[in-house]
Amino acid sequence: MHHATRITLDVPADRAWSVLADVHHWPSWTPTVESITGDQLATGAVLRIKQPGRGVATYTVDLLETGRRFRWGSNRLGVRQSADHIITPAGDAACTVELSFTMDGPLGSPLGRLGAAKIRSMVDTEAASLRAAVSAGAGNSA
């Protein structure tokens, strides 16, 4: 199961990055995350993420391109999950953000199909919430 959504933001890429990469503050701007605890965002960082209606999941950052992209994932009991977050500048004052989630593995594939509608809704909600957060000035140090 894979779902991706892409949005265009009328803010510079660095501003979008400042909100997206500040993962411990996600609960303040997206209803899809109740808490994130653990390390700061870095390759190898381990974070525990609590989402509504789900138990705490432990994710490890396996890819970080500061200012542009990070991916975290988990692999537990035959379920591999991965969430990717990519920011691409579109000139000086705009950017595109692609958020995606993949679930696979021996148990992940069937579970992903069963939960596909919820997964799509959560990814799409995070994108819409990110748009609202950057529009409202979250992550703006000015």
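Tabulated results
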| quantity | calculated |
| --- | --- |
| Options 134, 56: the member that is surrounded by 15 or more Cβ atoms within 10 Å (Cβ to Cβ), closer than 16 Å to residue 23 by Cα and of a type outside the set (Asp, Glu) | 134 |
| Spans of strands (runs of 3 or more DSSP E) in region 1-63 with at least 3 residues closer than 17 Å to residue 130 by Cα | 2-9 |
| Residue that is surrounded by the most Cβ atoms within 10 Å (Cβ to Cβ) [pool: residues in region 59-82 that are at pLDDT 95 or above, in contact with an Asp or Glu (Cβ under 9 Å, 6 or more places away or on another chain) and among the basic types (Lys, Arg)] | 71 |
| Pick from region 36-50, criterion in contact with a helix residue (DSSP H, G or I) (Cβ under 8 Å, 6 or more places away or on another chain) and surrounded by 14 or more Cβ atoms within 10 Å (Cβ to Cβ), ranking: nearest to residue 63 (Cα to Cα) | 41 |
| Qualifying residue in region 64-74 (condition: farther than 23 Å from residue 127 by Cβ, in a loop (DSSP other than H, G, I, E, B) and touching a Ser or Thr at 6+ places or on another chain (Cβ under 9 Å)) | no |
| Extreme residue, nearest to residue 125 (Cα to Cα), among residues of region 85-95 that are touching a residue at least 24 places away in the same chain (Cβ under 8 Å) and within 14 Å of the chain's Cα centre (by Cα) | 85 |
| Failed item, numbered, when residue 96 is tested on (1) in a strand (DSSP E or B); (2) over 23 Å from residue 34 (Cβ atoms); (3) touching an Asp or Glu at 6+ places or on another chain (Cβ under 8 Å) | (3) |
| Some residue of region 15-24 being more than 14 Å from the chain's Cα centre (by Cα) and not hydrophobic (A, V, I, L, M, F, W, C) | yes |
| Flag for residue 102 being surrounded by 17 or more Cβ atoms within 10 Å (Cβ to Cβ), among the hydroxyl-bearing types (Ser, Thr, Tyr) and in contact (Cβ under 8 Å) with a residue 24 or more places away in the chain | yes |
| Positions within region 75-93 being among the charged types (D, E, K, R) and not in a strand (DSSP E or B), in sequence order | 92 |
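The values are calculated or read from the model by the stated rules, or taken from the named source; none is laboratory data. Quick caveat: nothing in here was measured; it's all calculated off a predicted structure. As a convention, Cβ positions derive from the backbone with ideal geometry for all residues, glycine included, and neighbour counts pool all protein chains shown.
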